[in-house]
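The structure under discussion appears below in the form of structure tokens.
The values are calculated or read from the model by the stated rules, or taken from the named source; none is laboratory data. These figures come from a predicted structure and were not determined experimentally. Reconstructed Cβ throughout: ideal geometry from the backbone, glycine too, with neighbour counts over all protein chains shown. Keep in mind that these areas ignore ligands, DNA and RNA; they rest on the heavy atoms of the full protein, side chains included. Shrake-Rupley method; radii C 1.70, N 1.55, O 1.52, S 1.80 Å.
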Amino acid sequence: MSTEVQKLLIATNNSGKIHELRDFLDTLPFELLNLSDFPDCADVEETGATFAENAQLKASGYAMQTGLLSLADDSGLEVESLDGRPGVLSARYGGPDTNFTQKMDLLLTELNKTGDIIRSARFVCSIAVADSDGRILSTSEGICEGKISSIPYGSGGFGYDPIFIPEGYEQTFGELNERVKQKISHRFRAFEEIIPFLRHFEAV
Ligand code: IMP
């Protein structure tokens, strides 16, 4: 029996995501790599219409390029009264040259125009794991329900965290202790669902 530790590529460059997942990742029986270990890897375009499709495209695409078991996620913010926007375009909302202060301003302006006072929204995260041939082995999805604040609050987390108030709380993810987000986030929920698969994974 080989004692070599299996490698797992976490197919992201987003340091915010890797930081939030560290508690999970530390418990996995894999040698972990991420995309910064493969500077020559070509970006896999997120051309899917859903988070699940994009997660699968990225897991397969990076697995085939690196020859490694690969895990990818796709996530974003869906605002109810904006018909689910920015959704799969969360990272690209407002165009490629806008920063998150501008993206949040744009979203608040759009949402204010709707007259919606409930401001319901949800973060969604889909995860896919692909083998070295690009075949999808497992998928999961996690959702965190909440609402959009009137203005950005706090500077913790990343992305849209300063304008998202998770259900059951009065403060945004930007203000709440990061440990709170790690327990209730969409990413936490999606990972929790896929962890049993990863723990029991055996290469064939
Ligand atoms: P992805 O890298 O294609 O999954 O893009 C996800 C985008 O959705 C990020 O760039 C953020 O804009 C947003 N997003 C996803 N998860 C979070 C989160 O936990 N907090 C804040 N923004 C998030």
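With contacts defined as alpha carbon pairs under 8 Å and 6 or more residues apart, what's the relative contact order of the chain in percent?
It comes to 18 percent, rounded to a whole number.
Computed over protein heavy atoms with a 1.4 Å probe, the carbon and sulfur contribution to the accessible area of the chain reaches 51%. R0 = 30 Å: FRET efficiency of GLU31 with ARG92, Cβ-based, nearest 0.05? The computed FRET efficiency comes out at 0.40. With helices as the sole contributors, the chain gives -10000 deg cm²/dmol at 222 nm; each DSSP H run of n ≥ 4 counts as -39500 (n - 2.57), and the sum is divided by every residue. Computed from the Kirkwood radius of its Cα pairs, the Stokes-Einstein diffusion coefficient for the stretch 128-204 at 4 °C and 1.567 mPa s stands at 92 µm²/s. In a simple Cβ point-charge model (Lys, Arg +1; Asp, Glu -1; nothing else charged), the stretch 1-47 has a dipole of about 160 debye relative to its Cα centre. In loop segments of the stretch 122-204 as defined by DSSP, the GluC sites (Glu not before Pro) with at most 14 further C-beta atoms inside 10 Å of their C-beta are GLU167, GLU170, GLU202.
In whole percents, the pair-distance distribution calculated for the stretch 83-180 from its alpha-carbon pairs, binned every 5 Å from zero, is 3, 12, 20, 22, 18, 11, 8, 5, 2, 0. Can you list the trypsin sites (Lys or Arg not before Pro) in the stretch 104-204 that are in a DSSP coil and have 12 or fewer other beta carbons within 10 angstrom? Those satisfying the criteria are ARG135. The distance between label points at GLU4 and ILE143 comes to 4.2 nm (points 7 Å beyond Cα on the Cα→Cβ vector). The distance from the alpha carbon centre of the stretch 1-55 to that of the stretch 70-110 is 22 Å, rounded to a whole number.
Calculated FRET efficiency, ALA49 and ASP83, Cβ-Cβ r, R0 22 Å, to nearest 0.05?
Calculated value: 0.95.
Global dimensions of the chain from alpha-carbon coordinates: Rg and Dmax equal 17.5, 64 Å.
Spacing of the modelled spin labels on ASP116 and ILE151, each 7 Å from Cα toward Cβ, amounts to 2.2 nm.
Annotation: per residue accessible area for the chain equals 52 Å², rounded to a whole number [probe 1.4 Å, protein chains only].
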